[in-house]
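S.K.: First the structure, then my questions, so here it is.
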Amino acid sequence: MELVSQHVKGIMEECKIRARDAGLCFDDETLEYIVTNRDMIELSPKVMIPTLYDYWVHDVRVLSGKGMYELYPSNPYETVINTRPAISYYNDNNPDWLNVMIFYHVLGHIDFFQNNLFYKNTWDIDLTGQALSDKRLISRLRAEKGRWVDYAIEFSRGIDNIVSYHKEINQYVMPRKSRKLSRVDFYFDTFLQVIKKVSASEYLKEIERYNLTSKEEQPVDEFFTQVTSIYPEFDEMFRKAAEKSKKNDLDVMEYIMTHSVFLREEDNKWMKSIMQIVRNTSLYFQPQIRTKIMNEGWASFWHDYLFMNDDRINGHETDYAKVNAQVTAMPKVGLNPYALGLRLFDHIMDMEDKGRYSLEYFMLRDELERREFNGQLNTGFDRIFKVREDYCDFTFINQFVDQEFMNRHELFVAGKRLNQKRLTWEYFIKSKNAGDYRQMIIDTLYHPPVIDVVPSESVDGILFLKHTFEHKPLKTDFLENTMIGIEYLWGGPVKLETHEPAQKAKVDPDYSNLMTPGPAVPMTKQERLDWKKVVYTMEKRKLTRQEQ
Amino acid sequence: MITLDELLQRDKQREEDGFKRKIRIGRLVKPGRGGKDKIVVVPTTVEEKFIHDEIKLDQDDTDGGSTSGTGQGEEGDVIGEEPVRPSEEGEGEGEDAGQGPGEGSGGEHEFEANAYELGKVLSQDFELPNLTDKGKKRTLSRYVYDLTDKHQGVGQFLDKKATLKRIVQTNISLGNIPDVSRIEPSEFIVSPQDLIYRILSREKDFESQALVFFLRDYSGSMGGKTTQVVVSQHVMLYSWLLYQYEKQVETRFILHDTEAREVSDFYKYHSYKVAGGTKVVSAYRLVNEIVERENLDRDYNIYIFHGTDGDDWDKDGKEAIEELMKMMTYVARIGVCVVEHSYAGKNKTEVDRYIRASGLLEKHPTLIKLDVMGEDSDDTRIIQGIKTLIT
């Protein structure tokens, strides 16, 4: 691994100037390295961070990566990592024109990393430095504790996908406001109305009395002295309600780190550092997983826009067209995040330029008028810059994949089904509806299960986890090993409440079809399922399952 | 960089620490033209986490899922199809039919080399037994040349140990060694005839040869894990035999649903899938036919391994048992592995039932073995299954 030559660096700096002129915004410093394909294979299990801690699973991935490379040699164009300064990796044999294109693409990524709000938790961290210090800590621990360090890493990584990323990012974007339940709120909102169910006139009388006391600038306590004399139970009920309202907002990892008796023991304290490292690393990469389509789309949009307006393309137009098409062509069947993201940014710009994100356009019903509608706002660029700042894949797809987008690019949901007679798999157009398409894309997005600790059930040394029901079962094969890990770190039995589909699905007879022949609306799989509540218990490395 | 051996060592340690093994021996297959696949054996592992699973219903075999698409057409239009049961012919073989056999023939070889390594790993690290009787009686004799014969005075390679022995003998008989406890080598009298050499000579070498039939049920019910388990086991079995027989192993691959067919290579063997019913007898019959037609039982130790989910339309297996009996006249071992679906219930599958009922297992315990495992079996269980099938 070495830095690119001065000549190549010069090309990069030239690209930066033009990208800035076009409105992209990023730090001055960047680092570009030349790597071999072999380096790439060894880096990729470490999410391209050269200084990430050592772990045997990474080694397994490297070995299988090498096997894969033996069968399918490939030449990746570039990889960028979200560090300060941003680091990117290249092959050493790229011609200059290709480097120009790649650098524009890379600058698109860097701009995205450094401006999209979902990355805000990563902005103030020097990741390579942090990772290096973590790596040193772990190798020091490994020298002391041996293979148990690897178990601690394994068990921590087993729950590193259910970290509370959104809570974390929320604290960065919107500093937390205290939401402590006040006595006054409880008295008027809950106690009088819900518990005592007093009449409206009595309620208003109390408000009047309260307003008087506060006007006389007497302490509010006085007001409540009278309350407690009428309702002696009030204080106790308020205390309980306040307790309840203090919602547990620790994620599973934090909860275990704070409350595990096992980890509190002097001999086991070191495991907390490992959990912390694993948790922080996971949080660091969460934004990247959640903005894949946008990030690639944004970078592709800019390499195209900037390179097409760059005189260095002269003479390489067809070469560029070929490379660009390989990256951003829409496959006939299948999903390409680069292609989808790029087209969607294009579409947003077009819609915004023509002022179609407006009530006027929305109300328009005439197809011909809709097609010709042009409000001539020409604010498309501003709009997409705003979108790259405020959106993640889910909101991006959910808001902007509309019927116009579907029609423009002739998109559809492609289904695959078995034709029993011909013994073939048939690909067919399942739906051209934007709603269906959105749902299909959203189903492919990263969405770890929501699993939290229930403190009220976590008594007598038990850790009680609840999987929030979302019409999705957990992968049962993985439960055992994951829960063995949690049990180990927690130092006691672990319970997990989840829902599973009942074996036999209930299919309602389809009466709608009897009177009016024609295609019935098929119910989705999820709707016709029966669900049952299941509690898994992990105790002494034995997993038991109990239906409820 | 850590090696495969170290990884396996570490995995063994896990078991001693009370955790399950996590390393699996995986294989990557790249289909090659004309059946010359390239297979690379690599370790794999899964990091278990809480993740969502797809909802699978029993009746949903016919739905292959959804993805994005682009192009013209109306809803409901079929835009393309691919055969469920790919044909042997026309898979690009036409294009390169003109190329000589020299081209790309390394494919088969590379798998062999890798599989041999795997077989070694399995025999050594997983403690699979070595074959006690390699059935030397059916042998292919050939000559090898080796420095085995000894010759006095002249030759290619001085055998120092034998020479020294000879010199000592000569000197004792000459009375040149007065005190045996104090030998002085510089006083030795050495005759040219005392020098013993090894010379190159022709040796007859007996090599056992094995022919392995792999039979796999590829009917509709064999979806997902059952197939994975069967294929995993067959790869390991093949590798192990390859190691045991010093690479002198030939393989035949047979797939069956209601009909059986032979496929030319491992890639096709493990990747094909159809959605039909199951008749086990079809595969057994085909094996018997092949053996008879090609007179294979004369030259080979024949092994037959069959992997299935135990489903058979022929409930009492009358015909299948008949074919099995025929097989027993020539095989070294039949190993049937039933991988049960988790919903099927223990020991309730047809194949399992009728093989047990037939009494063949008791009558010919050395010729046929049956092993039943769940579809969730891990590598340890699969390897244990191999032990059951081959011991």
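The values are calculated or read from the model by the stated rules, or taken from the named source; none is laboratory data. As the structure is a computational prediction, the values presented were derived from the model and not from experiment. Positions of Cβ are backbone-derived with ideal geometry, glycine not excepted, and every protein chain shown enters the neighbour counts. When the accessible area is computed, the model is the full protein with side chains, heavy atoms only, and any ligands, DNA or RNA have been set aside. Shrake-Rupley method; radii C 1.70, N 1.55, O 1.52, S 1.80 Å.
S.K.: Which of the GluC sites (Glu not before Pro) found in region A:244-313 are in a DSSP loop and have at most 11 neighbouring Cβ atoms, other than their own, within 10 Å? Walk me through the intermediate numbers first.
M.R.: Values: sites: A:Glu254, A:Glu265, A:Glu266, A:Glu296; in loops: A:Glu265.
Hits after loop and neighbour filter: A:Glu265.
S.K.: While we're here: If r is the Cβ-Cβ distance from A:Arg312 to A:Asp477 and R0 is 51 Å, what FRET efficiency results, to the nearest 0.05?
M.R.: Details: r = 52 Å, r/R0 = 1.03.
About 0.45, to the nearest 0.05.
S.K.: Taking a label point 7 Å from the Cα of A:Asp319 along the Cα→Cβ vector, which residues of region A:106-128 have an amide N closer than 17 Å to it?
M.R.: none
S.K.: According to the square roots a ≥ b ≥ c of the eigenvalues of the Cα gyration tensor, what is the shape class of region A:226-293, taking rounded for a/c under 1.5, prolate for a/b larger than b/c otherwise, and oblate for the remainder? Don't jump to the answer; show the numbers that get you there.
M.R.: Numbers: a/c = 7.10, a/b = 1.85, b/c = 3.83.
Oblate.
S.K.: Hey, another quick one. With a 1.4 Å probe and every protein chain left in place, work out the accessible area per residue of region A:276-368 in Å², rounded to a whole number.
M.R.: 44
S.K.: Separate question: Need one number: nm distance between label points at A:Asp267 and A:Asp235, each 7 Å from Cα along Cα→Cβ, rounded to one decimal.
M.R.: 4.7
S.K.: Here's another thing I want to ask about it. Only helical DSSP H runs with n ≥ 4 go in: add -39500 (n - 2.57) per run for chain A, normalise by residue count and round the 222 nm mean residue ellipticity to 500 deg cm²/dmol. Please list the in-between numbers first.
M.R.: On the way: 24 runs with 278 residues, N = 548.
For chain A, the value works out to -15500 deg cm²/dmol.
S.K.: Sticking with this structure for a sec: Provide the percentage of antiparallel DSSP beta bridges, counting only those with both residues in chain A; round to the nearest 5.
M.R.: In chain A, approximately 75 percent of DSSP beta bridges are antiparallel ones.
S.K.: State whether region A:329-444 is rounded, prolate or oblate according to the following rule on the C-alpha gyration tensor (a ≥ b ≥ c being the square roots of its eigenvalues): a/c under 1.5 gives rounded; otherwise a/b larger than b/c gives prolate, and the remaining case gives oblate.
M.R.: prolate
S.K.: DSSP loop (so not H, G, I, E, B), at most 16 other Cβ within 10 Å: list which GluC sites (Glu not before Pro) in region A:377-436 pass both filters.
M.R.: A:Glu410
S.K.: Within the set A:Lys472/B:Lys268; A:Lys167/A:Lys240; A:Lys16/A:Lys322, which residue pairs have Cα atoms separated by over 28 Å?
M.R.: A:Lys472/B:Lys268
S.K.: Still on this structure, I have one more. Checking the cross-link filter: which aspartates and glutamates have an alpha carbon closer than 17 Å to that of A:Lys354, excluding same-chain neighbours under 8 positions apart?
M.R.: The qualifying aspartates and glutamates are A:Asp346, A:Asp366, A:Glu367, A:Glu369, A:Glu372, A:Asp382, A:Asp402, A:Glu404.
S.K.: Could I ask something else about it? Using the beta-carbon distance between A:Leu364 and A:Glu389 and R0 = 30 Å, what value does 1/(1 + (r/R0)^6) give for FRET efficiency, to the nearest 0.05?
M.R.: The formula returns an efficiency of 0.55 here.
S.K.: Compute the FRET efficiency between B:Ile51 and B:Ile177 as 1/(1 + (r/R0)^6), taking r as their Cβ-Cβ distance and R0 = 56 Å, and round to the nearest 0.05.
M.R.: Values: r = 80 Å, r/R0 = 1.44.
About 0.10, to the nearest 0.05.
S.K.: Next question. Each label point is 7 Å from the Cα along the Cα-to-Cβ direction; what then is the distance between the points at A:Lys421 and A:Ser5, in nm?
M.R.: Distance between the two pseudo-spin positions: 6.5 nm.
S.K.: May I ask you to evaluate 6.51 cos²θ - 1.76 cosθ + 1.60, the Karplus curve with θ = phi - 60°, for each residue of region A:531-548 and list the ³J(HN,Hα) values in order in whole Hz, giving x for glycine and proline?
M.R.: 10, 10, 7, 10, 10, 9, 10, 10, 9, 6, 6, 10, 9, 10, 10, 9, 7, 10
S.K.: Name the long-range amide H neighbours of B:Glu250: under 5 Å, sequence gap of 5 or more, or other chain; modelled H, no Pro or chain starts.
M.R.: B:Ala210, B:Leu211, B:Val212
S.K.: Let me ask you something else. First check a/c for region B:144-203, with a ≥ b ≥ c the square roots of the eigenvalues of its C-alpha gyration tensor; if it is under 1.5, answer rounded, and if not, answer prolate when a/b is larger than b/c or oblate otherwise. Provide the component values of the computation, followed by the final result.
M.R.: On the way: a/c = 3.54, a/b = 2.94, b/c = 1.21.
In terms of gyration-tensor shape, prolate.
S.K.: Are there residues in region A:431-449 whose accessible area shrinks by at least 20 Å² when all protein chains are included rather than the chain by itself, and which are they (probe 1.4 Å, ligands and nucleic acids not counted)?
M.R.: SASA drop of 20 Å² or more in region A:431-449: A:Lys432, A:Met440, A:Pro449.
S.K.: Considering only DSSP states other than H, G, I, E and B, which chymotrypsin sites (Phe, Trp or Tyr not before Pro) in region A:317-359 qualify as loop sites with at most 13 other Cβ atoms within 10 Å?
M.R.: Values: sites: A:Tyr320, A:Tyr338, A:Phe345, A:Tyr357; in loops: A:Tyr357.
Loop-located and lightly packed - none at all.
S.K.: A further question on this structure: Would you calculate the separation in nanometres between label points at A:Gln403 and B:Arg356, each defined as 7 Å from the Cα along the Cα-to-beta-carbon direction?
M.R.: Roughly 6.1 nm, to one decimal.
S.K.: So, one more: Counting only heavy atoms of protein chains, what accessible area per residue, in Å², does region B:144-203 have with a probe of 1.4 Å?
M.R.: Details: 4650 Å² over 60 residues.
I get 78 Å² per residue for this part.
S.K.: If you take the accessible area of B alone plus A alone and subtract the pair, what total do you get in square angstrom, rounded to 100, with a 1.4 Å probe?
M.R.: Using a 1.4 Å probe on protein heavy atoms, the buried area is about 7100 Å².
S.K.: Which of the listed residues, A:Leu306, A:Met294, A:Leu263, is farthest toward the dipole's positive end in region A:263-330, when Lys, Arg count +1 and Asp, Glu count -1 at the beta-carbon?
M.R.: Checked the options; the winner is A:Leu263.
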